[in-house]
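Enquirer: For reference, the structure I am asking about is given below.
The values are calculated or read from the model by the stated rules, or taken from the named source; none is laboratory data. Just so you know, these numbers come straight off a predicted model, no measurement behind them. Using ideal geometry, Cβ is built from the backbone for each residue, glycine included, and neighbour counts are taken over all protein chains shown. Ligands, DNA and RNA are excluded from the accessible area calculation, which covers all protein heavy atoms including side chains. Shrake-Rupley method; radii C 1.70, N 1.55, O 1.52, S 1.80 Å.
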Amino acid sequence: MSGAAAVKRALAEPRWVRVLLLGVGLGFLFFFLALPLLAVFGEAFATGWTAYAKALDDPEALSAIGLTLSVALFVLPGNLVFGLAAAWAIAKFDFRGKSLLITLIDLPFAVSPVVVGLVFLLIFGAQGLFGPWLAAHEIKVVFALPGMIIVTMFITCPFVARELIPLMQAQGKEEEEAALSLGATGWQMFRRVTLPNIKWGLMYGVILANARAMGEFGAVSVVSGHIRGQTNTLPLHVEILYNEYNAVGAFASASVLALLALVTLLAKTIVEWRMRRETLMLKAELPPEKN
Amino acid sequence: MSIEIRAIGKRFGSFVALEDINLHIPSGELVALLGPSGCGKTTLLRIIAGMESADHGQVLFGGEEATHLPARDRKVGFVFQHYALFRHMSVFENVAFGLRVKPRRVRPTEAEIRRRVMELLDLVQLDWLADRYPSQLSGGQRQRIALARALAVEPRVLLLDEPFGALDTRVRKELRRWLRRLHDEMHISSVFVTHDQEEALEVADRVVVMNRGRIEQIGSPDEVYSAPASPFVYQFLGNVNVFHSRVHGAWAEIGRESPAAYASAEAMAFVRPHDIDIERQPVVGSLEARVQDVHLIGPLVRVELAHATELIEVELTRERAALLSLVRGQQVWLKPRQVRVFALPETTLEDEGSGI
Amino acid sequence: MPRPASGRRLLPGFGLSLGCTLVYLSLLILLPLAGLAFKASELSLAQWWAIATSERALASYRVTFGASLLAAMINAFFGLIVAWILVRYPFPGKRVVDSLVDLPFALPTAVAGITLATLYAGNGWIGRHLEPLGVKVAFTPLGIVVALTFIGLPFVVRTLQPVIEDIEPEIEEAAAMLGASRWQTFTRVLLPALFPALLTGFTLAFSRSIGEYGSVIFIAGNLPLISEITPLLIIAKLEQYDVVGATALAVVMLIISFVMLLAVNALQWWAASRLHRRSGSADERR
């Protein structure tokens, strides 16, 4: 055996191992990711275009799409402001109880969506803590839009903050200090220095939060009450049609959500690519000295 | 504008960063804060800039109280150690930043901003880089852009944190001279922090030597080098041989100090390696030693000698060394030309750094 | 030079941002969880214990934990392979495949649920070929494992990928220079370096699986004592207006969530401290 081959053997897997690993890994991904994705669209178009179009051009489906969009519309701004505030406090300052705060922000990732739904049912439901008071003032929270917005806020609360904290920690606070020493006000510093530096991370967090907000099922299911045409988001609509053995209808709506997932993945990949390019630019070797 | 520091103190938890600092920086001077890392020099600089607040004491600019003035109102130019250039802005926009964020009624017109920025870029000789981004610049270029950015707001005082720390040796030397020339042209009171004694001695009008949150000595570069006020300064600025004077009573006499005062073991004598003569014959007040090693270092010859258990370093010119023709194991006599004796072993470099 | 918190802070907005954060978290997370604890306090400890350890509840824990554990183990094994080929081997379409790994994060769980159920049903694309072999997946506990494997897939891959990227080629070269075969290098040098991340990914996938609801209920069959997961049991109790029973089980789930969260934090801390020890000079290089 030649020396070069021996070196290669020691530093890389033999060819058959590479082929085997590639086969196993890609096969796994095919069966668990690609096939389900194809199946969504396959089932949706199983009986042709017209049946698909008809399934979507249905008042209940359209109202479900509208409700899904309005939930996201209410949830995202809150998420954005909270994420920015939390990341600013955590990344740029030192204070006691910081790691506890970070754990608390992570909590919604760990709690089962069903438990989240139940928790808000216990507070705002008819027998809940605020139930009687809300009923007396004719405010509907549970089995109505407000309840669905609140549970979705709970579920998506970590996304933006989780993206921004490590990013802002890595960037440090020298640029902000420089801006202040040059006479910028707090707002000018934030708008001209901080925001441009974190814009991609912010967008990344919002994309993830949006996907989750539009797709959340368990928690919303508990507090929605499943009132057709009123409190059904798109995922809930999918469930109802599926349980009624309306496969084409269910998969037509599901295909809309799958499309949303694909757009999310695309946007995420683009943002990731932009972020990676910027970090590479920052890490690039200094060019040689010249005057 | 002059800067006055009065009784400034600062702690971080139980760590004393600064203790009762008093310092007057006259208008137009270039002052170096010199000391090992952890000595509090950067903290002091940040307190002057308003980026850190002191626990007690006062900061005055031109006789005016500035202790509680926020950083953005101090009109201080600050050059960060790692430059802190805004990475998403071009060089031009970086320099223009301080002008663009001024309140509308005092903000210069766009044409005026353009003129001022190009003037500054011209001053730092980098006008051809205006459209580049910080990531496309070399370290030395970033340094000069950071300086131009700080100067754009016409600061009353210029503060620089380890301005040459992140640069390689050759660029560092060039920029050092360039900063000195720039200062002589602009005559703006400037303070820079450094741990490099050569840098401080070469560039500054005055050097403030700091150690463990205190000022050890304030003086011209020549004063701090040739007349160190404390053992710490002696050891921090250049090589030095340390002797305990009871053993070396004869040397203490030569040190022009009264020998009686240092008869006890609680005194130390400091002699720089180039302040010792080597003789082949015993002379009055000389110390017997044995040659251990001879190194040729560029224009100098460094001789290591053993006296009892102590190692002594002596630096000779090549000519003198040739005349002596020293060989290993040879018996010689040492005679100091200049000795400083300090009572009581104060802080020495050996136990330095424990507080960091 | 140490520069911890000072009394007056230079950067503005500390009070405002921390205040906003705390108010938001308190209203949205702490207060509701306190509400759950309040509701649960209507139960005596003995009552709670009776509900939490009823036969049906115990069976649901077995199904939930068993399926989650199995799915997390499958993901740990295949996730390691996927992460490895994504970092180390060139192949066409790699970027698309890499993006696709996040599909379970992006695809709503209900969609995943109905799709997997259809695929693995007796007449589905996959189930059609498994049924003759005597393997029934849909509407059995095996279906739950399939759904949870889908849900947990990105966790292991995404935790391992950056760690594999960060392995310095020098350590593999050093092992080879010292005479190790590729297999020895992998088991003795690489795997120990990857182990904390692998364990973290495993725990994340496991913890997500325990609470999962949407993707499971369509494929599980949901037979009490056999294929009923705990979140579904909570829903079942709610639908029978047994709020107290649902609350008791929710408390169990919440305690498990806390434990898992602590475990993940401890693991990440452990992994970070190991990494730090391994490259102690990293700070200086920066």
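Enquirer: Mean projection of the alpha-carbon convex hull of region B:31-167 over all orientations, in nm²?
Expert: Working: hull surface 37.7 nm².
In nm², the orientation-averaged hull projection of region B:31-167 is 9.4.
Enquirer: Using only alpha carbon pairs under 8 Å that are at least six residues apart, calculate the relative contact order of chain A and give it in whole percent. Intermediate results must be reported in sequence, preceding the final value.
Expert: Numbers: 302 pairs, mean separation 83.6, N = 291.
Once normalised by length, the contact order is 29 percent.
Enquirer: Hey, can you list the residues from region C:165-213 whose accessible area shrinks by 20 Å² or more with all protein chains present, relative to the chain by itself (probe 1.4 Å, no ligands or nucleic acids)?
Expert: Checking the loss per residue gives C:E165, C:E173, C:A176, C:R182, C:S207, C:R208, C:G211, C:Y213.
Enquirer: Kindly report the accessible area of region B:10-101 per residue (heavy atoms of protein chains, probe 1.4 Å, no ligands, DNA or RNA), in Å².
Expert: Details: 2900 Å² over 92 residues.
Heavy-atom accessible area per residue stands at 31 Å².
Enquirer: OK, next. So what's region C:44-278 giving for Cα Rg divided by 2.2 N^0.38 Å, two decimals? Each step should come with its number before you reach the end.
Expert: Working: Rg = 20.6 Å, N = 235, 2.2 N^0.38 = 17.5 Å.
Cα Rg divided by the expected 2.2 N^0.38 Å: 1.17.
Enquirer: Using a 10 Å cut-off around each Cβ of peptide A:202-211, what is the average number of partner chain Cβ atoms that fall inside? Mind dumping the intermediate values first?
Expert: On the way: counts 0, 0, 0, 0, 0, 1, 3, 0, 1, 5.
For peptide A:202-211, the averaged partner shielding equals 1.
Enquirer: Then there's this: Picking from C:L25, C:L267, C:L142, which is most flexible by a Gaussian network model of chain C using Cα springs under 10 Å?
Expert: C:L25
Enquirer: Give the Cα extents of region C:143-286 along the principal axes, in whole Å, largest first.
Expert: The Cα atoms of region C:143-286 stretch 67, 31, 21 Å along the principal axes, largest first.
Enquirer: So, how do all the Cα-to-Cα distances of region A:24-156 break down into 5 Å bins, in percent, from 0 on up?
Expert: Going from the shortest bin to the longest, the percentages are 2, 8, 11, 11, 13, 14, 14, 12, 8, 5, 2, 1, 0.
Enquirer: Excluding C:L261 itself, what net charge comes from residues whose Cβ is under 14 Å from its Cβ, given Lys and Arg +1 and Asp and Glu -1? Before the final figure, lay out the partial values.
Expert: Values: positive: A:R162, C:R208; negative: A:D106.
Once all neighbours under 14 Å are counted, the net charge is +1.
Enquirer: Taking 7 Å along the Cα-to-C-beta vector as the label spot, tell me the C:V135-A:L80 distance in nanometres, rounded to one decimal.
Expert: Distance between label points: 4.7 nm.
Enquirer: Chains C and A: buried accessible surface, both sides, probe 1.4 Å, rounded to 100 Å²?
Expert: On the way: alone 17530 and 18270 Å², together 27930 Å².
The buried area between C and A, both sides summed, comes to about 7900 Å².
Enquirer: Right, here's the next one. In region C:84-204, how does Rg compare with the Kirkwood Rh, expressed as the Rg/Rh ratio over alpha carbon atoms? Could the numbers behind the result be given before it?
Expert: Details: Rg = 18.8 Å, Rh = 17.1 Å.
Over the Cα atoms of region C:84-204, Rg/Rh equals 1.10.
Enquirer: Now, a different point. Going by average Cβ density within 10 Å per residue, which order do the peptides B:193-199, A:211-217 take, highest to lowest?
Expert: On the way: B:193-199: 19.4, A:211-217: 26.1.
The peptides rank, most packed first, as A:211-217, B:193-199.
Enquirer: Net charge around B:I8, counting only other residues with Cβ within less than 14 Å of its Cβ (Lys, Arg = +1; Asp, Glu = -1)?
Expert: Value of the local net charge: 0.
Enquirer: Students often check this: by mean Cβ neighbours within 10 Å, which of B:100-107, C:57-64 ranks highest, and how do the rest follow?
Expert: Numbers: B:100-107: 11.6, C:57-64: 19.6.
Descending mean neighbour count gives C:57-64, B:100-107.
Enquirer: Per residue of B:93-106, what is the mean number of Cβ atoms on other protein chains within 10 angstrom of that residue's Cβ? Don't skip to the end; give the middle numbers.
Expert: Values: counts 1, 2, 1, 0, 8, 6, 2, 5, 12, 4, 2, 0, 0, 0.
Per residue, the average neighbour count from other chains is 3.
Enquirer: At a 1.4 Å probe, what is the % contribution of carbon and sulfur to the accessible area of region C:44-278? Present the calculation step by step, with values, prior to reporting the outcome.
Expert: On the way: 6940 of 10050 Å².
Carbon plus sulfur share of accessible area: 69 percent.
Enquirer: Under a Cβ-Cβ cut-off of 12 Å, what is the net charge of the residues other than A:W273 that fall near it, where Lys and Arg count +1 and Asp and Glu count -1?
Expert: Numbers: positive: A:K268, A:R274, A:R276, A:R277, C:R95; negative: A:E272, A:E278, C:D98.
That sum, taken over residues with Cβ under 12 Å, equals +2.
Enquirer: Between B:E154 and A:V263, take the C-beta separation as r, use R0 = 45 Å, and let me know the FRET efficiency to the nearest 0.05. Mind showing how you got there, number by number?
Expert: Values: r = 51 Å, r/R0 = 1.13.
The formula returns an efficiency of 0.35 here.
Enquirer: When the helices in chain A are scored as -39500 (n - 2.57) per DSSP H run of 4 or longer and the sum is shared across all residues, what 222 nm value do you end up with, to the nearest 500 deg cm²/dmol?
Expert: Working: 16 runs with 220 residues, N = 291.
Calculated at 222 nm, the ellipticity per residue is -24500 deg cm²/dmol.
Enquirer: Could you give me the radius of gyration and the Dmax of region A:158-291, taking only the C-alpha atoms into account and expressing both in angstrom?
Expert: Gyration radius and largest Cα-Cα distance of region A:158-291: 21.9, 76 Å.
Enquirer: Also, quick follow-up: Which distance in nm do the two modelled labels at A:R228 and B:D73 give, with both placed 7 Å along the Cα-to-Cβ direction?
Expert: So the label points at A:R228 and B:D73 sit 6.7 nm apart.
Enquirer: Can you compute the modelled spin-label distance between B:W333 and B:A227, with each label point 7 Å from Cα toward Cβ, in nm?
Expert: Between B:W333 and B:A227, the label points sit 3.2 nm apart.
Enquirer: Suppose all protein chains stay in the model; what accessible area per residue would a 1.4 Å probe give for region A:49-285, in Å²? If you can, show how the numbers build up before the last one.
Expert: Details: 9690 Å² over 237 residues.
Ligands and nucleic acids excluded, the figure is 41 Å² per residue.
Enquirer: Using the Cα atoms as the points, what is the convex hull volume per residue of chain B in Å³? Intermediate results must be reported in sequence, preceding the final value.
Expert: Working: hull volume 58.6 nm³, N = 356.
Dividing the Cα hull volume of chain B by its residue count gives 164 Å³.
Enquirer: For region A:18-77, compute Rh as the Kirkwood radius over C-alpha pairs and then the Stokes-Einstein diffusion coefficient at 25 °C and 0.890 mPa s; write the answer in µm²/s, rounded to an integer.
Expert: On the way: Rh = 14.7 Å.
In µm²/s, the coefficient rounds to 167.
Enquirer: Can I ask one more? Would you mind computing Rg(Cα) / (2.2 N^0.38 Å) for the protein assembly as shown, counting N as its residues? Write down the numbers at each step before the final one.
Expert: Working: Rg = 35.8 Å, N = 933, 2.2 N^0.38 = 29.6 Å.
Its radius of gyration relative to the 2.2 N^0.38 Å reference: 1.21.
Enquirer: On alpha-carbon atoms, Rg over Rh for region C:35-104 using Kirkwood Rh? Numbers along the way, then the final one.
Expert: On the way: Rg = 21.3 Å, Rh = 16.1 Å.
A ratio of 1.32.
Enquirer: Counting only other chains, what is the mean number of Cβ atoms within 10 angstrom of the Cβ of each residue in peptide A:79-90? Walk me through the numbers before you get to the answer.
Expert: Working: counts 1, 0, 4, 7, 2, 4, 10, 7, 2, 9, 10, 3.
Shielding by partners across A:79-90 averages 5.
Enquirer: Which FRET efficiency value, to the nearest 0.05, is calculated for A:A53 and A:V24 with the Förster distance at 51 angstrom and r the Cβ-Cβ distance? Don't skip to the answer; put the middle values down first.
Expert: Details: r = 40 Å, r/R0 = 0.79.
For A:A53 and A:V24, the calculated efficiency is 0.80.
Enquirer: Whole number please: convex hull volume per residue, Cα atoms of region C:73-117, in Å³. Provide the component values of the computation, followed by the final result.
Expert: Numbers: hull volume 4.1 nm³, N = 45.
Hull volume over Cα atoms, normalised by residue count, gives 92 Å³.
Enquirer: If eta is 1.567 mPa s and T is 4 °C, what Stokes-Einstein diffusion coefficient results for chain A, Kirkwood Rh from Cα pairs, in µm²/s?
Expert: Details: Rh = 22.8 Å.
Result for D is 57 µm²/s.
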